[in-house]
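Each remark here refers to the structure printed beneath this line.
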Amino acid sequence: ETLEASNRAMQAALSSDNLIDRADGVFGTAFFYMLRNELDRAGELMEQSLELAQRSGDRTLQARCLTYLAMLSRKSGRADAVRSHGSRALEVCEALGMDEYVAVIDACMCWVELSQGHSQEAKVLALAALDKWQKRAPGYPFKWLALFPLMQIALNHESKVGPVIDQARILLDPENCALAGSIENTLTDAVSAFDAGDSE
């Protein structure tokens, strides 16, 4: 129902002569498709919103579009696209002082580094992202971007379970984005087992 309402709002916005209204309408709907994990449609609309934002001169919306295009590329497993969108986003976000979005780029680049086997570089980027969110936007809902790589590093490279459980507790906090499929149940079971003394 929310997506249907957003699509109606987008169509109304697209009939406007105001480029900023059009860009905002498309961005909002792109965001809902991203939350639904319909990545192709989300990316298509995000690119359309970016083009409108560039034409209108809205740098803040350009920063948001580029940041979430990097996140969509990460969700699609496209490292080159993460780098491309991420470098463009970083330039705009840093110029505007949008540290919470710089953190998203740090976290996306962390995933790129980890996918190439650079666990230490990835860890530095993930911790930097969490630090920026804590200082600028402690309620930012997509902390999984940094926490899942940190969990992977702790388990696979450092053989540590305790930090992973601490990170799982953060992910399970209701202020964070709900996790897809059975991931949330698996993390809940892992935390319960650890609390019961079963580290295995």
Exercise for the section: Please tell me if ASP80 is out of contact with any Leu (no Cβ under 7 Å at 6 or more places or on another chain), assigned to a helix (DSSP H, G or I), under 29 Å from ALA146 (Cβ atoms) and of a type in the set (D, E, K, R). Expected result: yes
Completion exercise
Among PRO141, PRO174, the single one that is open to solvent by 40 Å² or more (accessible area, probe 1.4 Å), closer than 18 Å to MET71 by Cβ and part of a loop (DSSP other than H, G, I, E, B) is PRO141
Problem - the range 36-58 residues that are part of a loop (DSSP other than H, G, I, E, B), paired with ones that are surrounded by fewer than 19 Cβ atoms within 10 Å (Cβ to Cβ) and not polar (S, T, N, Q) (beta carbon under 7 Å, 6 or more apart) - result: ARG36/LEU3; ASN37/ALA180; ASP58/ILE20
Exercise for the section: Scan the range 13-61 for residues that are closer than 14 Å to SER73 by Cα and charged (D, E, K, R) and report the count. Expected result: 5
Exercise for the section: For the range 156-171, enumerate the residues that are surrounded by 11 or more Cβ atoms within 10 Å (Cβ to Cβ), at pLDDT 90 or above and more than 22 Å from the chain's Cα centre (by Cα). Expected result: VAL161
Problem - The one condition in (1) open to solvent by less than 20 Å² (accessible area, probe 1.4 Å); (2) of a type in the set (Gly, Ala, Ser); (3) over 16 Å from ARG74 (Cα atoms) that ALA129 fails to fulfil - result: (3)
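The values are calculated or read from the model by the stated rules, or taken from the named source; none is laboratory data. Keep in mind it's a predicted model, so treat the numbers as computed, not measured. All Cβ positions, glycine included, derive from the backbone under ideal geometry; neighbour counts span all protein chains shown. For accessibility, only protein heavy atoms count, side chains too; no ligands or nucleic acids. Shrake-Rupley method; radii C 1.70, N 1.55, O 1.52, S 1.80 Å.
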